[in-house]
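Below is one structure; the comments refer to it alone.
The values are calculated or read from the model by the stated rules, or taken from the named source; none is laboratory data. Everything numeric here is computed off the predicted structure, so don't read it as measured data. A quick note on method: Cβ atoms are made from the backbone with ideal geometry, for glycine too, and the neighbour counts reach across all protein chains shown. Just so you know, the surface numbers come from the protein's heavy atoms only, side chains and all, with ligands and any DNA or RNA stripped out. Shrake-Rupley method; radii C 1.70, N 1.55, O 1.52, S 1.80 Å.
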Amino acid sequence: MIKSEFMIDLLENPNLKDPRFDEFKKHIKQEFFTAKYFDIINKLVKNDQTHLFEFWTPIDQDREEKNFFLKTLIDFDSHYSGGLSSYISRVQSLLLSPEKRLQPFRNTGIAAPETYDLSNFGADYISAEQIGLSHLQKSAFVLVAGGLGERLGYPGIKIDIPFEMICQTTYLKYTIDYIKAVETRSSAKAHIPLIIMTSDDTHNHTVETLAQHHYYGLSRDQVTLLKQNPVPAVKDRYGHFAMEKPYRVIFKPGGHGHIHKLMFESGLARQLESQGFKHLIFLQDTNAQAFNALAAFLGVTIQNQIEFNFMAVRRFPKETTGAIAKLNFQSQTKTLNIEYNVLDRLLKESGNSQGDSPGDNQYSPFPGNVNCLIANLHTYNLDLDSHGGEVPEFINPKYEDEAEQTFQTPARLESMMQDLPKLFDRDEKTGVTLFHREWCFSANKNDPTTAKDKFLLGLPPECAVSAENDFYESGRVKCELSGMSVGRSKVEKVLGIPICKGPKIVFSPRFAISLNEVQEKIKSGTIKENATLILNGQNITINDLTLEDQDVLEIHAIDQAFITIDSLNRRNPGYMFQKLDLQELEEKRLPPYILIRGFQFTKGSPKIYHFNESGHFIIQPNGDVIRVS
């Protein structure tokens, strides 16, 4: 038997004088022979975690489970900054003194931030977009994807959810399609990196999805997966670890703020800068709309030499979206993301009795953060060198009792990637760029019931139905801004959420990655209420087009194929909107990605154009194709 001061501390600890631990003390020395095991047990006891051992069985029973239990906690103790004791101390500090979450913002002047407003698609928007397009090839993309879709009613990883039902494009595929489209348009044959932050919940699924789809056309060395380490969940305000079952502490992802620490510890941020990349673009996992604004967002960042830029929208008061505010500290002014519940209390404490209330219009003066961020890579590395990417943590439990002693469900410390500016100390220039909400922000983060409740409160539902609806709407807006006449079908409610059934317009990134590019390729035309337009090819030009109600034009073309459409006007019935009935919803025989929407599209037998050979082609008014070269 190896002697250990940890074991002596353990056996002499007054917390173990309870008779329930007598049997545990008798056989613990015979079961474990390493100082690491004694050390972690000692730390747990000293931090009031003795409840973890109440289930301990007699010697030689559950040996494998006991080893797993202790090794898991040893691993956490080694990778968390300050170790297990520090984690518990931070949890207790925040829970026993909840005012600490407000403390950093108190005694500051709070005001709405200055914004760069690109919400009206004017000349400033097009100018910024053109600048951004020329610099996208020098940007690396970071996708935070540590979450499962269970809360949405989807059993897999969220980035595998199709966000539109016509082509059934998933969030991950669309992200990679956009990157490939940027590469195609690059004169320097760019090789753009994609960094995906995963968790224990999503890592293996993400690896499988990428392998199954051959990385959606990217080379394997372009994609880097950074897996965040999970953190223990606690069951009460005293920081007692929650148990899933005997020998299993509940661990959860620690929030997307971990991405900064991972970028630092992996050396990846420095490596990217050494390779000549200038910016990092951080993306949330279920917001495909951000890609509409991305080129203009980067352009504003470069135009104004912004070192950290928030993509933002006009925000409704009390909306459960982080607000962006300007805070005047004694030594400097910072533009920061503040959670909605903290903002309301701060405003009231500063003398605004209405708290988070409307300004001159229906919106809050404080824009909403949509979690699409751009960081200047050089400045980002300097900041990481200063603090190691460890952004402030918080805990946000829901209590089941008025005394706030016990949680409804276990909670954990977490951090957010948008909180990086809280650590800025060199007057880094922080910007806020405002876009039209449906153009850049329509996340899928609520199940149908929660989404309906939010809609009834006058708030964005943010679910599969609304995300798909807004995706088609942005396509309609692109067509209208290009000179087309676009109808709108009657709005219906599906699962209590409003949706406009058509027209359904799907532009792949291969067709266009900017508004200006759409305007150059589409000249004129008319699209009726329930028509469908699908364009998937880089060199498609529409001079004139008429799509009657229920008609479809669907084109897929390789990059070497040039297609021109002149006055096309022929009937070609295609995709029909079909609402699920109650029996279909209750039987749950359809795939989950359909059930969380409450509708699907049935496809007739439309003519679909595939151009798999290089050359120049014209689609004539009657729909026939002629080759001109």
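Assorted remarks:
- Projected onto planes of every orientation and averaged, the convex hull of the alpha-carbon atoms in region 180-243 covers 6.4 nm².
- Under 5 Å, built H, 5+ apart or other chain: amide partners of residue 252: 231, 233
- Residues whose amide H lies under 5 Å from that of residue 494, counting only those 5 or more places away or on a different chain, are 499; hydrogens are built 1.01 Å from N in the peptide plane.
- Under the Karplus curve 6.51 cos²θ - 1.76 cosθ + 1.60, θ = phi - 60°, whole-Hz ³J(HN,Hα) for region 337-349, x wherever Gly or Pro sits: 7, 10, 5, 4, 6, 6, 4, 4, 5, 4, 5, 5, 5
- Over region 433-522: Rg over Rh, Cα atoms, Kirkwood Rh: 1.01
- Restricting the calculation to Cα atoms, every distinct pair contributes to the Kirkwood radius of region 386-432, found to be 13.3 Å.
- Rg/Rh (Cα only; Kirkwood hydrodynamic radius) as it applies to the chain: 1.01
- Cubic angstrom per residue, convex hull over Cα atoms of region 393-551: 178
- Rolling a 1.4 Å probe across the protein heavy atoms gives the chain an accessible surface of 42 Å² per residue.
- Radius ratio Rg over Rh of region 326-429, counting only Cα atoms, Kirkwood formula for Rh: 1.02
- Take residue 588: with every protein chain present and a 1.4 Å probe, its accessible area is about 140 Å².
- Exposure rank, largest accessible area first [334, 422, 493; 1.4 Å]: 493, 422, 334
- Projected area, mean over directions - region 250-355, Cα convex hull, nm²: 10.6
- Sulfur and carbon atoms: percent of accessible area, the chain [1.4 Å]: 48
- For the chain, with +1 on Lys and Arg beta carbons and -1 on Asp and Glu, the positive-most of 41, 110, 68 along the dipole: 110
- Using every pair of separate Cα atoms, the Kirkwood estimate puts the hydrodynamic radius of region 316-363 at 11.4 angstrom.
- Taking amide H as placed 1.01 Å from N in the peptide plane, residue 522 has its amide H under 5 Å from the amide H of 542, each at least 5 places away in sequence or on another chain.
- For region 269-320, the pair-distance distribution built from all alpha carbon pairs, in bins 5 Å wide starting at 0, is 4, 14, 22, 21, 21, 11, 4, 3, 1 percent.
- Applying a DSSP loop filter and a limit of 10 other Cβ atoms within 10 Å to the GluC sites (Glu not before Pro) in region 363-405 leaves 402.
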